[in-house]
Amino acid sequence: MIKAVVFDVGETLVDETREYGTWADWLGVPRHTFSAVFGAAIGLGMDYRDAFQFFRPGFDLDAERRRRADSGQPETFGEADLYPDVRPALESLREMGLWVGIAGNQTSRAGDILRKLDLPADMIATSDDWNARKPEPSFFRALVDAAPCAACEIVYVGDRLDNDLKPAKSAGMHTAFILRGPWGYIWERHPDMLASANWRMTTLTELPARVASFNEQER
């Protein structure tokens, strides 16, 4: 039986269009150009941080985040940046009696922002909180430790094969792939997707019915 559902953050719950647009502005390059290079880096299997190196070799993302904050231009997001299916999906899962978590590769600042949004979730945690980043096994061990059930009773939801689905599956969880954002469309047809995702969705509102059907079959 599935007793818990845990969600990735970027491009699963939060539309990062505005965030990456502000990075293009910070770098002084056209937003379209930044998006194109960003997508190319992902398509080549590079870390998203590598995209910044094309524009400014030696770019240190953590240091630049501090510089932006010091200049009054910190990374930020809000209610308007949540995908419209987020609150309905989380609320439905909670109404089903499931434990709902949010855990992704995010800064402590992002975690604070998420908590202030008053989302219908039982836990909100970030890689900074746990001092572990996806796809490291330690991140998913921390997730299982935080949940009130075994790994085999958890579904992890994400848009990435490399950071979300494969490591969550290796940790013993069920997985759900959400098709959206640059990673979603690039990874969708990867040959490993079939073995790595229990479910594939185009909207998070599909998930409550999928979980209900699975649990009914397990009774």
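Test Thr12 against the criterion of being assigned to a loop (DSSP other than H, G, I, E, B), of a type in the set (Ser, Thr, Tyr) and surrounded by 14 or more Cβ atoms within 10 Å (Cβ to Cβ), and give yes or no. For Thr12, the condition - assigned to a loop (DSSP other than H, G, I, E, B), of a type in the set (Ser, Thr, Tyr) and surrounded by 14 or more Cβ atoms within 10 Å (Cβ to Cβ) - is met.
The test for being within 17 Å of the chain's Cα centre (by Cα), in a helix (DSSP H, G or I) and either surrounded by fewer than 17 Cβ atoms within 10 Å (Cβ to Cβ) or of a type in the set (Lys, Arg) (or both) holds for Arg18. Condition (residue is over 21 Å from Tyr156 (Cα atoms) and not basic (Lys, Arg)) applied to region 10-19: is it met by at least one residue? Yes, region 10-19 has at least one match. Report yes if Ala103 is in the same structural domain as Glu11 (by TED's automatic domain parsing) and in contact with a strand residue (DSSP E or B) (Cβ under 7 Å, 6 or more places away or on another chain), otherwise no. Yes, satisfied. Considering region 160-218, and only residues there that are among the acidic types (Asp, Glu) and in a helix (DSSP H, G or I), the residue that is nearest to Met1 (Cα to Cα) turns out to be Glu218. Among the residues here, Leu207 qualifies as hydrophobic (A, V, I, L, M, F, W, C) and surrounded by 14 or more Cβ atoms within 10 Å (Cβ to Cβ).
Residue count for region 133-185, restricted to those that are surrounded by 17 or more Cβ atoms within 10 Å (Cβ to Cβ) and either in the same structural domain as Phe38 (by TED's automatic domain parsing) or aliphatic (A, V, I, L, M) (or both): 16. Residues that are at negative phi and among the small types (Gly, Ala, Ser) number at least 2 in the following helices (runs of 4 or more DSSP H) confined to region 59-142: 61-70, 86-95, 108-116. Please verify whether region 67-75 includes one or more residues that are more than 15 Å from the chain's Cα centre (by Cα), closer than 25 Å to Arg141 by Cβ and either surrounded by fewer than 18 Cβ atoms within 10 Å (Cβ to Cβ) or not basic (Lys, Arg) (or both). For region 67-75, residues more than 15 Å from the chain's Cα centre (by Cα), closer than 25 Å to Arg141 by Cβ and either surrounded by fewer than 18 Cβ atoms within 10 Å (Cβ to Cβ) or not basic (Lys, Arg) (or both): absent. With respect to the conditions (1) under 27 Å from Phe38 (Cα atoms); (2) crowded, with 20+ Cβ neighbours inside 10 Å; (3) not hydroxyl-bearing (Ser, Thr, Tyr), Met201 lacks only one, and its number is (2).
Return a yes/no flag: does region 109-122 have any residue that is buried (at least 20 other Cβ atoms within 10 Å of the Cβ) and closer than 11 Å to Val5 by Cβ. Checking region 109-122: at least one residue is buried (at least 20 other Cβ atoms within 10 Å of the Cβ) and closer than 11 Å to Val5 by Cβ.
Being on the phi > 0 side of the Ramachandran plot and either assigned to a loop (DSSP other than H, G, I, E, B) or at pLDDT below 95 (or both) is the requirement here; does Gly39 meet it? So Gly39 does not fit the description; no. Among the candidates Ser108, Ser127, Ser92, single out the residue that is assigned by TED's automatic domain parsing to the domain that holds Tyr185 and over 28 Å from Thr203 (Cβ atoms). So the residue among Ser108, Ser127, Ser92 that is assigned by TED's automatic domain parsing to the domain that holds Tyr185 and over 28 Å from Thr203 (Cβ atoms) is Ser108. Being under 18 Å from the mean Cα position of the chain (by Cα), in contact (Cβ under 8 Å) with a residue 40 or more places away in the chain and either surrounded by 17 or more Cβ atoms within 10 Å (Cβ to Cβ) or more than 19 Å from Ala121 (Cβ to Cβ) (or both) holds for only one residue in Leu93, Leu98, and it is Leu93.
The values are calculated or read from the model by the stated rules, or taken from the named source; none is laboratory data. Predicted model, so just to flag it, every value in this text is computed and none were measured. We place every Cβ from the backbone using ideal geometry, glycine too, and count neighbours over all the protein chains shown.
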